[in-house]
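The values are calculated or read from the model by the stated rules, or taken from the named source; none is laboratory data. Remember, it's a predicted structure, so these values are computed and weren't measured experimentally. Cβ atoms come from the backbone with ideal geometry, glycine included; neighbour counts cover every protein chain shown. Protein only, heavy atoms only, side chains kept; ligands, DNA and RNA dropped before computing areas. Shrake-Rupley method; radii C 1.70, N 1.55, O 1.52, S 1.80 Å.
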Amino acid sequence: MNYNFLSIFSFLTVNTNQQIIRLIINIIIILFAILLSGFFERNKLKDNIIQGIILGLLTGIIINIPVMLNNGSYYDAKTILYTLTGYFFGPMTTVITVIVGVIVRLIVPEPGSSLVSVLTILNSALVAYVMSILFKKSKIKIKKAFKYLMSVYIINILNIIIFLIFTTTGTKFNQLIIPYLIVFPFVTLVACYFLSMNINYFKVIKENNIQSKLLKSSVDSIEKLGIVIIDKNYNYLVFNKIHEDYVKKYFKKTVSIGDNYLEIFQNRIEKINYLETFENVFKGIEVFNKFSFETENEKIHFNQEYKAVYDNNKIIAINIITKDVTDEKEFEEEMLNLSYRDPLTGLYNRRSLSEQIKLMNDNKELVVIFFDIDGLKFMNDAFGHEDGDKLIILISKEIKKSIPENSVIFRLGGDEFVVMIKNINLTEGKRIAKRISLTLSKQKLNEIEISVSYGVANKLETEDLEETIKRAEDYMYDNKILFSRDNHTKNINGILNALLDIDLKLEQYISNVYKYTVLIANEIGLDEHNKKLLKPYVLLHDIGKISIDKDLVAKEKFENEQEVFEMKKHVEIGYRILSRVPEYFEIAFDVLTQYENFDGTGYPKRLKGKNIPIKARILRIANYYDFKVNYQKINEDEALNIIKEGS
């Protein structure tokens, strides 16, 4: 038979319109399969199964709309469909597609041999999959077009062989050349390119979506940092959740991509200010702003940074970074406030005084009162710094509530306060200071009468305010010298009275021990000066117990060595108290050494022999004798014998 090259197109003369429609439908099915690939993910089993079922079912449509030729042969696109499936969609989708396709082919009637149809399905899918694996593992670089052509021709040559061996319709080789070696390879090659582009397109979209989500997640995870990118029309390109939440909370608006950034502001001036800022940034100028605004419940502080976004040296957008610095600002203000405030009382400090002097130096009618707490060191030594702080706070509160509203009060540190009062004269100032002093003197802390010394001075036209403060301080020291001895005596008496209330047997104990010390002093021929000191010494030798736990002081018997050690500490406290009072300087060291032993094993200095003061040695013996006779109820002779044996 003479073969005419153009005979393959002879179907156009018979039922032309119908064949064109069939051809278009076959092409549409292939395109559908290509587009379908973008909606499934290869790493998901469920997607593989669904895609395989859909592609397999398409076989039922394709085999019912073959393109018929004049010579009686027919062709459809199923081999192209299975070639694409095997090459691009992976093993699971390929297996499902083949299974469903074979089942459909066996159910749906088709001209020609079912065996040929099934074998071409299996061949197209299997060879395409094997070729894709071989190309992936190959270390030789092969162009994509050559890979496709090689795969397609191997598949189609094998399909021709299948047709020639198993055909039941008498199909000849010359009838298969153009469809299988020209038309199908060309269509398959084009389809491979489209499918590859489609897969890559969806892959890029997916990667972009993932990157966008990762970027948004990263940006959203930054606390207190609002991030916005706007285009040249000031419309949102990107914003994070922090910015979105701020706009909702403080502007009562919601924002979306594409919205205009300026629309969140209702104030026209704000819009103009932002517009000017944006114009500067688009000129390449970096801008940094600070702003704050108040709500009903809080004041918010922000730092805002504007940076240009470049593409090929051209500004295409603005990156706005807004940082909530409220905590930092509040901390900064708190630190600044603390630097001008006394942390204990909350009053202004010496640094504030220096600033205030500059502000108030020109005031003509101004009075300065300089207060000093009497006996603060005494209170610290006797009762500890915690009670000393209580005394400072108590006095600061009394001063604060007793001065006029137009006054400023400063604590200079330690025990000194300065009060500056405007629009009063010197007489009024002295009256205020005296009233504060009298009010405080009626109060006690730990049985210690509270006392302050003060000096008052009014600002003279010829002097600076610093000089006025210095005069007030000098007047205060004059008063302190006059009354300090009386205050010390009152403090000592106050502590002694407090101890008598704690230990009800203390008064009898002091009386007994004093009697014994006098007897010992007379016996050893102690000089008259030291004899006179025995009375205050015995009276005050336990004064340090005022700082020891009251329950421990009241105990008649100690339970362990730790309690004995804690009790002995009173001698050091007593020494600190008495060494600050001039009239008791001489007995202070005697109080400290009352627990020393002649052999050097005592407390706290481990003094030995005659290095221990004589009065301390006398008291040690008198104390021990009193303990044996009056507490352990041993007769006097036995007690003396014990002392003699111990010496």
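Students often check this: by mean Cβ neighbours within 10 Å, which of 131-141, 345-355, 397-407, 145-155 ranks highest, and how do the rest follow?
Those peptides, ordered most packed to least, come out 145-155, 345-355, 397-407, 131-141.
Can you give me the long-range amide H partners of Ala317? Hydrogens built in the peptide plane at 1.01 Å from N, cutoff under 5 Å, separation of 5 or more residues or another chain.
It is Val309, by chain and number.
Quote the relative contact order of segment 222-346 in percent (integer), defining contacts as alpha-carbon pairs under 8 Å separated by 6+ residues.
Normalised by residue count, the contact order of segment 222-346 is 24 percent.
Give, in whole angstrom and from largest to smallest, the semi-axes √(5λ) of the equivalent ellipsoid of segment 483-600, with λ running over the eigenvalues of the Cα gyration tensor.
Working: eigenvalues 98, 77, 42 Å².
They are 22, 20, 15 Å, listed from largest to smallest.
So how much slack lies between Leu122 and Ile99, counting 0.36 nm per residue of separation and subtracting their Cα-Cα distance, in nm?
On the way: separation 23, 0.36 × 23 = 8.28 nm, distance 0.94 nm.
Extending this stretch completely gives an extra 7.3 nm.
As I understand it, the value is the acute angle between the Cα axis of helix 506-524 and the longest principal axis of the Cα atoms of the chain; what does it come to in degrees, rounded to 10?
Rounded to the nearest ten degrees, it is 50.
Assuming 0.36 nm per residue, please report the length gained on full extension of the stretch Glu365 to Asn280 beyond their Cα-Cα distance.
25.2 nm
Please pull out the direction-averaged projected area of the chain, using the convex hull of its alpha-carbon atoms, in nm² to one decimal place.
60.9
Determine, from the Cβ-Cβ distance of Lys299 and Lys532 and an R0 of 45 Å, the FRET efficiency 1/(1 + (r/R0)^6), rounded to the nearest 0.05.
The pair Lys299/Lys532 has a calculated efficiency of 0.05.
How large is the convex hull of the C-alpha atoms of segment 125-176 per residue, in Å³? Intermediate values should be presented prior to the final figure.
Working: hull volume 4.3 nm³, N = 52.
Enclosed volume per residue, from the Cα hull, is 83 Å³.
Skipping prolines and chain starts, which residues have an amide H placed within reach, meaning under 5 Å, of the one on Val238, given they are 5 or more residues away or on another chain?
Amide H to amide H, under 5 Å and 5 or more residues apart or across chains, Val238 pairs with Ile229.
Could you tell me the accessible area of Lys531 in Å² (1.4 Å probe, neighbours in place), rounded to the nearest ten?
Number for this one is 50 Å².
How far apart, in nanometres, would the label points at Glu583 and Ala554 be if each is projected 7 angstrom from Cα along the Cα-to-Cβ direction?
In this crude label model, Glu583 to Ala554 measures out at 3.1 nm.
Can you figure out the FRET efficiency of Asn497 with Phe251, using R₀ = 56 Å and their beta-carbon distance, to the nearest 0.05?
0.25
In whole Hz, with x marking every Gly and Pro, tabulate ³J(HN,Hα) for segment 282-289 from phi via Karplus 6.51 cos²θ - 1.76 cosθ + 1.60, θ = phi - 60°.
Going residue by residue, I get 5, 8, x, 8, 7, 10, 10, 10 Hz, with x marking Gly and Pro.
Give me P(r) over segment 227-373, computed from all C-alpha to C-alpha distances, binned every 5 Å, as integer percentages.
For segment 227-373, the pair-distance distribution reads 2, 7, 13, 16, 13, 9, 7, 6, 8, 6, 5, 4, 2, 1, 0.
Could you derive backbone 3J(HN,Hα) for segment 259-269 from the dihedral phi with the Karplus parameters 6.51, -1.76 and 1.60 (θ = phi - 60°), listing whole Hz in sequence and x where the residue is Gly or Pro?
Running phi through 6.51 cos²θ - 1.76 cosθ + 1.60 with θ = phi - 60° gives 5, 7, 4, 5, 6, 6, 9, 8, 6, 5, 5 Hz.
Projecting each Cα onto the charge dipole of the chain (Lys/Arg +1, Asp/Glu -1 at the beta carbon, about the Cα centre), which of Tyr193, Ile510, Ile269 comes out farthest on the positive side?
Highest projection toward the positive end goes to Tyr193.
For the chain, what does the relative contact order come out to in percent, with C-alpha contacts under 8 Å and a separation of six or more?
Contact order relative to length: 7 percent.
With equal scatterers on the alpha carbons only and no solvent term, can you work out the Debye log10 of I(q)/I(0) for segment 368-516 at 0.11, 0.13, 0.17, 0.20 1/Å?
Log10 I(q)/I(0), no solvent term: -0.48, -0.63, -0.94, -1.21.
With label points built 7 Å along Cα→Cβ from the Cα atoms of Tyr477 and Glu428, find their separation and express it in nm.
3.0
Using alpha-carbon pairs under 8 Å, 6+ residues apart, how would you state the relative contact order of segment 354-423 in percent?
With pairs under 8 Å counted, the relative contact order is 43 percent.
Find which of Gly375, Ile393, Tyr340 sits farthest along the positive direction of the dipole of segment 340-427, computed with +1 on the beta-carbon of Lys and Arg, -1 on that of Asp and Glu, about the Cα centre.
Of the candidates, Tyr340 comes out farthest on the positive side.
So how strong a dipole does segment 469-528 carry about its Cα centre when Lys and Arg Cβ are +1 and Asp and Glu Cβ are -1, to the nearest 20 debye?
With only Lys, Arg, Asp and Glu charged at Cβ, the dipole is about 260 debye.
Which angle from 0 to 90°, rounded to the nearest 10, does the C-alpha axis of helix 326-339 make with the longest principal axis of the chain?
20
Test of understanding: extend the Cα→C-beta vector of Asn200 to 7 Å, then name every residue of segment 84-101 with backbone N under 16 Å from that spot.
Counting backbone N atoms under 16 Å from the label point, the list is 88.
Can you work out the PRE-style zone for Asp599? Point 7 Å along Cα to Cβ, and I want the residues of segment 607-639 with backbone N under 16 Å.
Zone members listed by number: 607-610.
When averaged across all projection directions, what area in nm² does the alpha-carbon convex hull of segment 549-614 cover?
5.2
Where only protein heavy atoms count, and the probe is 1.4 Å, what is the accessible area per residue for the chain in Å²?
Dividing the accessible area of the chain by its residue count gives 56 Å².
For Tyr603, what residues show an amide H to amide H distance below 5 Å, using hydrogens built from the backbone and excluding near sequence neighbours?
HN-HN under 5 Å from Tyr603: Tyr595, Glu596, Asn597.
In debye, nearest 20: dipole of the chain around its Cα centre with unit charges on the Cβ of K, R (+) and D, E (-)?
Using only the charged Cβ atoms, the result is roughly 3980 debye.
Roughly how many nanometres apart are two label points built 7 Å out from the Cα toward the Cβ at Glu333 and Ile643?
Taking the simple label geometry, Glu333 and Ile643 are separated by 7.2 nm.
Could you state the angle between the C-alpha long axis of helix 90-107 and the longest principal axis of the C-alpha atoms of the chain, as a value from 0 to 90 degrees rounded to the nearest 10?
Rounded to the nearest ten degrees, it is 40.
How much length, in nm to one decimal, is gained on full extension between Thr439 and Asp389, taken as 0.36 nm per residue of separation minus their Cα-Cα distance? Provide the component values of the computation, followed by the final result.
Numbers: separation 50, 0.36 × 50 = 18.00 nm, distance 1.91 nm.
Stretched out fully, the Thr439 to Asp389 stretch lengthens by 16.1 nm.
How large is log10 I(q)/I(0) at q = 0.15, 0.20, 0.24, 0.29 Å⁻¹ when the Debye formula is applied to the Cα atoms of segment 346-409, each weighted equally and without solvent?
-0.61, -0.91, -1.11, -1.30
Could you tell me the extents of segment 605-647's C-alpha atoms along the three principal axes, largest first, rounded to whole Å?
Sorted largest first, the three principal extents are 32, 18, 15 Å.
Which distance in Å, rounded to a whole number, links the C-alpha centroids of segment 539-563 and segment 123-167?
104
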